[in-house]
Amino acid sequence: MAISEQHPPGYTPHIGESRQYWRDIILGVNDGLVSIFLLVVGVVSGGLDRDQVVLTAVAGAIAGAISMASGEYLATKSQDEVFEAELALERTHIQLFRDMELSQLRGFFTDMGVVEADLNQVMSGFVDNDEALLNAMAALEFAVVDSERRSPYRAMAASGLLFLAGAMPSILPFLIIDSVTTAVLAATILAMAGLFMVGVVKANVARTGRLRSGLENLIIAGVGGVVAYGIGRLFGAPAA
C-alpha cells in the first residue's frame, strides 16, 4: 500500500501533474460558456424560434468542440515536435561543441544568481555527464522539463470535452422550456453562474482573489452578450 506524502503544518502543496493542462481546462470550459451563450443571445435577438435556436446552438457546440480539440492536438503535437528537434540538435552540440555548451550553461547559472566562487563546484556535475548536461540545457535554454510536457491527447480531450460542458448551460434551457424568452433568461442565469464559478476555480488554483476573478469573467461575457444582442437585432428578421 502506497504511503501518502506527509506535509508539515502550514505547508501548501503544488497542484501537481495537472498543472500543465490548466490552460486547456480553463480555455475549453470558458470558451464553451462564452461562445455558445453569445451565439444563443445573437440568434434569439435575431428572431429565431426555439427549434432554430437549438439547432444553431447544438451545431455551434459540436463545431466548436471539434475545432478546439483538433486545434489543441495539432498545436501541442507541433510544439512537442519542435522541442524534440531542438533537443536532438542540442545533443549534437554537446558532442561537437561541448566547451561552448558548458560555457553557456555556466552563464545560465550566473544569471540565476550562483556566485563565482561556487560555479566550479556546480559545473563539476556536468563536465563529463552528457545526459545531465542535456537535461540542464533543455530546462534552462528551452524551458523543456519532462514532467511539464503536455500530451496532445490529454490536451485535445480537455479542450474538446470541456467546451461541450461549457456549452450545455446555454443549450439545455431550450430543450426543456417552450418559451424562447424564458429559455434565454434561464440560459443567461446558468451561463453567468458557470462563468463566475470558472473564475473562482481559476482563482483557487492561481491563489488570487476569487471575487475579482469571477466578476472579471462575468464582465467580459456581459459585454459580449450586449454586442451579440445588438448584432442580432441589426441583422435579424424584421418583426411581422
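Restricting attention to region 214-229, which residues are without any contact (Cβ under 8 Å) to a residue 60 or more places away in the chain and among the small types (Gly, Ala, Ser)?
Gly214, Gly222 - these are the residues of region 214-229 that are without any contact (Cβ under 8 Å) to a residue 60 or more places away in the chain and among the small types (Gly, Ala, Ser).
Residues that are within 30 Å of Gly28 (Cα to Cα) and at pLDDT below 90: does region 95-116 have at least one?
Within region 95-116, not a single residue is within 30 Å of Gly28 (Cα to Cα) and at pLDDT below 90.
Going through region 73-92 one residue at a time, which ones are in contact (Cβ under 8 Å) with a residue 12 or more places away in the chain and over 26 Å from Gly160 (Cα atoms)?
Glu86, Leu87, Glu90, Arg91
Does Val58 satisfy the criteria of being of a type in the set (Val, Ile, Thr), outside any helix (DSSP H, G or I) and surrounded by 15 or more Cβ atoms within 10 Å (Cβ to Cβ)?
The answer is no for Val58.
Can you tell me which residue within region 137-152, out of those that are within 14 Å of the chain's Cα centre (by Cα) and modelled with pLDDT of 85 or more, is surrounded by the fewest Cβ atoms within 10 Å (Cβ to Cβ)?
Only one residue tops the list, namely Ser151.
Picking from Leu172, Leu119, Leu190, which residue would you name as being surrounded by 11 or more Cβ atoms within 10 Å (Cβ to Cβ) and more than 30 Å from Ile62 (Cβ to Cβ)?
Of Leu172, Leu119, Leu190, the one residue that is surrounded by 11 or more Cβ atoms within 10 Å (Cβ to Cβ) and more than 30 Å from Ile62 (Cβ to Cβ) is Leu119.
Does Ser213 satisfy being small (Gly, Ala, Ser) and farther than 27 Å from Ser70 by Cα?
It is true that Ser213 is small (Gly, Ala, Ser) and farther than 27 Å from Ser70 by Cα.
Given the structure, is Leu38 without any contact (Cβ under 8 Å) to a residue 60 or more places away in the chain and either of a type in the set (D, E, K, R) or part of a helix (DSSP H, G or I) (or both)?
It is false that Leu38 is without any contact (Cβ under 8 Å) to a residue 60 or more places away in the chain and either of a type in the set (D, E, K, R) or part of a helix (DSSP H, G or I) (or both).
The values are calculated or read from the model by the stated rules, or taken from the named source; none is laboratory data. Note that the structure is a prediction, hence the values are computed from the model and not measured. Note: ideal-geometry Cβ built from the backbone for every residue, glycine included; neighbour counts use all protein chains shown.
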